[in-house]
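Report on one structure; see the data block that follows.
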Amino acid sequence: MNIDELKTLAQNAPSDAPLAENETLKKFHETLDELRRDGVNKIADLKQEIAIAKKNKMISADEREKLISDYNAQIEKAKIVAANNKAADAELSKIGVQYANAAAEKYIAKVDAEQDKIIAETKSNLEKEIAKIKADGVARIASAQTDVDKETAKYELKSALFDAKNRAQTTIDRCKDAKKQAFTDHIQENRSLRNGKTDFMENRKLAWKNYVYNFKASKFFLDNGLYIAICIFFIACIIIAPLSGQGALLTLQNILVILEQSSTRMFYALGVAGLILLAGTDLSVGRMVALGAVTTGLILHPGTNIVTFFNLGPWDFTALPMGARLVIALLLSIVLCTMFSAFAGFFSAKLKIHPFISTMSTQLIIYGLLFFGTSGTPVGSIDGSIKDLLGGRWILGSLTVPKLIVPAAIAVIVAWFIWNKTTFGKNMYAVGGNAEAASVSGISVFWTTLSVFIMAGIFYGCGSFLEAFRANASAGTGQGFEMDAIAACVVGGISFNGGIGKISGAALGVIIFTSLTYCLTFLMIDTNLQFVIKGLIIIAAVALDSIKYLKRK
């Protein structure tokens, strides 16, 4: 059919039949397929053939080159056809989508009405069935002659009630699926008319419909209960702060301070997140921080160091250019942290020693080396000019923006890319979910595990390097940071059971925990009570995670 005839058909009121049975839509598809067959569709098919030819090892190089050249020539001809039909294709697609929207509106309304009627009848019948089951059950329990008969009657009553509710829920779920499928068919129809192109608003509506149809209050509160409680806590702090004379808590400057305090902690959480994804943990984070910070402090200290290490030194690195000192400090921090992390990782990956033990051992080794080597003496501040360059703030009017936010944001992006866009990231999830199944599917559990430890060491090295810009480094720097990093990951939804979690969750967890500490400090809450509150949050997060894990099983 030509476009004018289709326009005339599209002006007729659509029926409420399923879209796949709509005769007018079938004619739209036939006409569009004809327009696209020798144009855009042929181009896509030929490109696929070229990709296949490039991978085909059964043909010679000359044959492959000739074949690809022939396909390219056909593509050029198809491009001419596509260009000639582009305007007609676009106009027809637009008209077709408008007609499909009108037809889908009627069809969806019909399906919704039918399914809602079934749902209402099902609920009504369930109430009657439950009343009858309870009446029969109570009568049977009352007539029971022995305790055994009474317990049997109670058990059968519970079973009958469960079966009745389960049957009704199955029917209701089937009705919801029918309603969701009707809307999904509408979206798929529009995509087909547009030759596979999606629409942003349609995608959002589809996502919302899926959420609504799959929504269950129990699951929602199980997944988000902790975050809701934390939000309520923050709201309470915001209200209480000015009333207690502490001033406004929710200000842009306070938010920037929280982000600054989160910046270096972000690196530690990103590192330990990978180990938790493998159903492990890392107790050496705090000592890694001290190791990298002390190393950085020694190299970037202005003048002669006041610290000797195993009676070596003191040193003076000021003769080197500042750029070289920065590079050396960063690389040494990364190398040392990675070396110790890989040391723990080897024993966990090769000998199956739980990371709790291997990282605890590493923690003790680093702790002993640092305190014995430096006698616990702080290395002092680093060079003021470079400290301000990397760890200072930009002054924007009345605001001061921390510079450390930038490397933290970069670290989150890098970690997100590794977890979501690389084969290594997919292997992490596979090994964390089921190491044996991953091994059977050809994934090297040893190298994946060791690589996660190495990646963690790199993040620790970068974070500890930046930590030296925030405070005077010593062997005691980073005390307790491992608990904050682990807690942030757990609160962020990375499961201790392995294979479940997102980098965005770890980053959010860091900000939540840092905000929590900042709010409590802002309100002058005793430090010891802060530990109590943090402990309650951690146990609540792990408990909810365990409940979700048991439900999945």
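The values are calculated or read from the model by the stated rules, or taken from the named source; none is laboratory data. Treat the numbers as computed from the prediction; the structure is a model and nothing was measured. Positions of Cβ are backbone-derived with ideal geometry, glycine not excepted, and every protein chain shown enters the neighbour counts. Just so you know, the surface numbers come from the protein's heavy atoms only, side chains and all, with ligands and any DNA or RNA stripped out. Shrake-Rupley method; radii C 1.70, N 1.55, O 1.52, S 1.80 Å.
Tabulated data for the structure shown
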quantity: Pairs with Cβ under 9 Å, 6+ apart, first in segment 147-158 and closer than 11 Å to ILE133 by Cα, second open to solvent by less than 80 Å² (accessible area, probe 1.4 Å) and aliphatic (A, V, I, L, M); calculated: LEU157/ILE133; LEU157/ILE141
quantity: Residue, farthest from ALA104 (Cα to Cα), within segment 187-219, restricted to residues that are basic (Lys, Arg) and not in a helix (DSSP H, G or I); calculated: LYS216
quantity: Some residue of segment 288-308 being modelled with pLDDT of 90 or more, in contact with a Gly (Cβ under 6 Å, 6 or more places away or on another chain), assigned to a helix (DSSP H, G or I) and within 18 Å of GLY505 (Cα to Cα); calculated: no
quantity: Which numbered condition SER192 misses (of (1) more than 30 Å from LEU92 (Cβ to Cβ); (2) among the hydroxyl-bearing types (Ser, Thr, Tyr); (3) surrounded by 15 or more Cβ atoms within 10 Å (Cβ to Cβ)); calculated: (1)
quantity: Count - residues of segment 1-36 that are hydroxyl-bearing (Ser, Thr, Tyr), exposed (fewer than 15 other Cβ atoms within 10 Å of the Cβ) and closer than 30 Å to ALA78 by Cβ; calculated: 0
quantity: Any hit, segment 220-235, residues being in a loop (DSSP other than H, G, I, E, B), open to solvent by less than 90 Å² (accessible area, probe 1.4 Å), modelled with pLDDT under 90 and not hydrophobic (A, V, I, L, M, F, W, C); calculated: no
quantity: Of the criteria (1) buried (at least 16 other Cβ atoms within 10 Å of the Cβ); (2) within 20 Å of GLY271 (Cβ to Cβ); (3) β-branched (Val, Ile, Thr), which one ILE382 fails; calculated: (2)
quantity: Any hit, segment 162-173, residues being assigned to a loop (DSSP other than H, G, I, E, B), of a type outside the set (D, E, K, R) and open to solvent by less than 80 Å² (accessible area, probe 1.4 Å); calculated: no
quantity: Residues (farther than 27 Å from GLN188 by Cα, charged (D, E, K, R) and part of a helix (DSSP H, G or I)) located in segment 11-69; calculated: LYS54, LYS55, ASP62, GLU63, ARG64, GLU65, LYS66
quantity: Residues located in segment 521-553, provided they are touching a residue at least 40 places away in the same chain (Cβ under 8 Å) and aliphatic (A, V, I, L, M); calculated: LEU523, MET524, ILE537, ILE538, ALA540, ALA541, VAL542, LEU544, ILE547
quantity: Single match in ILE538, ILE500 (criterion: more than 26 Å from ILE410 (Cβ to Cβ), touching a helix residue (DSSP H, G or I) at 6+ places or on another chain (Cβ under 9 Å) and either of a type in the set (Val, Ile, Thr) or part of a helix (DSSP H, G or I) (or both)); calculated: ILE538
quantity: SER495 of a type in the set (S, T, N, Q), within 26 Å of the chain's Cα centre (by Cα) and open to solvent by 10 Å² or more (accessible area, probe 1.4 Å); calculated: no
quantity: Filter result (touching a helix residue (DSSP H, G or I) at 6+ places or on another chain (Cβ under 8 Å) and either over 14 Å from ASN311 (Cβ atoms) or part of a loop (DSSP other than H, G, I, E, B) (or both)) within segment 365-375; calculated: ILE365, ILE366, TYR367, LEU370
quantity: Test: residue in segment 306-326 that is buried (at least 16 other Cβ atoms within 10 Å of the Cβ), closer than 21 Å to CYS462 by Cα and under 37 Å from the mean Cα position of the chain (by Cα); calculated: yes
quantity: Complete set of residues in segment 89-102 that are more than 38 Å from the chain's Cα centre (by Cα) and either modelled with pLDDT of 95 or more or open to solvent by less than 40 Å² (accessible area, probe 1.4 Å) (or both); calculated: ASP89, LEU92, ILE95, TYR99
quantity: Residue count for segment 339-363, restricted to those that are open to solvent by 30 Å² or more (accessible area, probe 1.4 Å), assigned to a helix (DSSP H, G or I) and without any contact (Cβ under 8 Å) to a residue 60 or more places away in the chain; calculated: 4
quantity: Meets criteria (in contact (Cβ under 8 Å) with a residue 24 or more places away in the chain, open to solvent by 20 Å² or more (accessible area, probe 1.4 Å), in a helix (DSSP H, G or I) and of a type in the set (A, V, I, L, M)) for LEU275; calculated: no
quantity: Residue match in segment 402-417 (condition: open to solvent by less than 50 Å² (accessible area, probe 1.4 Å), part of a strand (DSSP E or B) and more than 24 Å from GLY303 (Cα to Cα)); calculated: yes
